[in-house]
Amino acid sequence: MNLDRPITTPDARGRHRRRRRWLVGLTATAAAAATTAATFGAYVLSHAGNEPLPAGAHAVQVYTVDDAISTVVPATDRPGTIGRFIGMCDADSYYIEVNGTGLCAVLNGSLGTVQATGTAAGVELNATEAAKVRDLVKRADGDGPDPATRVLLGYDDGWAGLVQVADLYGTTPVTGTAVG
């Protein structure tokens with residue numbers, strides 16, 4: 001061991017290697033964070049919320065509205081920033097407008113997917129698809145004390161429409177109210 005040797009700083013090459021490792025690590029962390037944000041953002045921010053289903057047939061997801069804990073909100077009192085950007089009242093309820101009335105809807109589902117048709121009057125389920133929705137709702141309700149009374153149909157870019165569960169028990173097509 002040479003104790004008489006002068007203390008020197010590491011050479012420039014060593015500093016460069018450490019700096020490069022640090023920058024690579026920082027870049028990888030930033031890329032991972034950006035990917036996560038883009039993935040989360042692509043799902044949440046692309047959801048248009050209160051937009052009617054475009055014309056034609058579309059696959060829609062079936063959700064029941066939990067009426068016991070959903071709340072009516074005057075349309076003039078829309079939720080704050082979160083509601084404007086991603087259509088939510090809070091962490092577990094979605095803001096929707098139906099016939100000029102706002103609702104912070106707590107949803108159960110998605111229970112499954114069915115085919116719906118966007119029309120000028122709202123969303124339409126043919127008799128076969130209405131029966132599928134009815135069966136999905138019955139299966140989800142089970143023997144619960146508060147059976148669902150409304151179904152919200154969602155699609156990739158927004159909410160398709162709101163359907164009354166009672167309307168699903170006929171043998172004719174069902175038209176739901178447009179959301180928006």
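The values are calculated or read from the model by the stated rules, or taken from the named source; none is laboratory data. Because the structure is a prediction, the values reported are computed rather than measured. Counting neighbours? That spans all protein chains shown, and the Cβs are built from the backbone with ideal geometry, glycine included. Accessible surface areas use protein heavy atoms only, side chains included; no ligands, DNA or RNA. Shrake-Rupley method; radii C 1.70, N 1.55, O 1.52, S 1.80 Å.
For the stretch 104-156, the solvent-accessible area works out to 49 Å² per residue, with a probe of 1.4 Å and every protein chain left in place. Taken one residue at a time, the phi angles of the stretch 103-110 give Karplus couplings (6.51, -1.76, 1.60, θ = phi - 60°) of 9, 8, 9, 8, 10, 10, x, 6 Hz. Gly and Pro are set to x. When you count the other C-beta atoms within 10 angstrom of each residue and take the mean per peptide, 53-60, 67-74 line up highest first as 53-60, 67-74. Near ALA57, once Lys and Arg are set to +1 and Asp and Glu to -1 for all other residues with Cβ below 10 Å from its Cβ, the sum equals -2.
Computed with every protein chain present, the accessible area of ARG150 is close to 60 Å² [probe 1.4 Å]. Mean silhouette area of the stretch 121-180, derived from the convex hull of its C-alpha atoms and averaged over all directions, reads 4.4 nm².
Heavy-atom accessible area with a 1.4 Å probe sorts TYR95, TYR63, TYR169, largest first, into TYR169, TYR63, TYR95.
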